[in-house]
Amino acid sequence: MPDSFSLRSVDVKLPPAERFGQFLQGHGKRFTQQRQLIVEMVFSHHDHFDADELIDHLQELIARRKVSRPTVYRTLAELVEAGMLRKMVLGGRSVYEHEYGYPSHDHLYCQRCNKLIEFHSDDLEQIRDAVAAKHDFHVVGHRMFVTGICSECSRGQ
């Protein structure tokens with residue numbers, strides 16, 4: 001079994017803003033300056049976030065009327081539709097993570113503090129592929145969440 005469960009890097013042909021612009025154009029929508037600012041903020045770093053956290057980061061732009069709250073929500077939905085973000089419902093809240101330019105991975109999820117720990121396992125993929133082959137199933141991806149209690153929450157018991 002490998003010592004490291006770290007994520008691999010992924011090469012992408014286009015920067016996120018350019019890829020999203022192509023998606024919007026293909027759907028007859030404009031790539032507005034507001035959408036551009038949102039995409040830049042979302043892809044400036046990797047983190048799991050919800051819409052309210054994104055709005056907090058965009059607060060200065062919202063206050064100056066450069067970005068509206070409805071546009072944030074609409075753009076998040078479009079980024080999910082474009083396959084650039086993944087939406088997960090955890091602990092009753094919608095959480096987003098990068099899908100575009102981010103490697104396939106799985107999660108350990110703490111049910112107390114909502115912490116997400118990302119990992120990749122070649123062994124898990126081999127088992128997945130073996131089971132799929134046995135059932136003549138074509139795999140296009142998978143998502144696994146292991147739920148439990150993280151070490152920090154366990155110590156606090």
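The values are calculated or read from the model by the stated rules, or taken from the named source; none is laboratory data. Nothing here was measured: the structure is a model prediction, and the numbers come from that model. When we count neighbours, we look across all protein chains shown, and the Cβ atoms used for this are built from the backbone with ideal geometry, even at glycine.
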**Prompt:** Do the conditions hold for ALA63, that is, is it surrounded by 13 or more Cβ atoms within 10 Å (Cβ to Cβ), outside the structural domain of PHE145 (by TED's automatic domain parsing) and not polar (S, T, N, Q)?
**Reply:** no
**Request:** Read through the list (1) touching a helix residue (DSSP H, G or I) at 6+ places or on another chain (Cβ under 6 Å); (2) without any contact (Cβ under 8 Å) to a residue 24 or more places away in the chain, then give the number of the only condition that LEU85 fails.
**Result:** (2)
**Asked** Is it fair to say ASP122 is surrounded by 12 or more Cβ atoms within 10 Å (Cβ to Cβ), out of contact with any His (no Cβ under 7 Å at 6 or more places or on another chain) and either under 21 Å from PRO16 (Cα atoms) or of a type outside the set (Ser, Thr, Tyr) (or both)?
**Response** no
**Prompt:** If you take the residues in region 91-102 that are modelled with pLDDT of 85 or more and buried (at least 17 other Cβ atoms within 10 Å of the Cβ), which one is nearest to PHE20 (Cα to Cα)?
**Reply:** TYR100
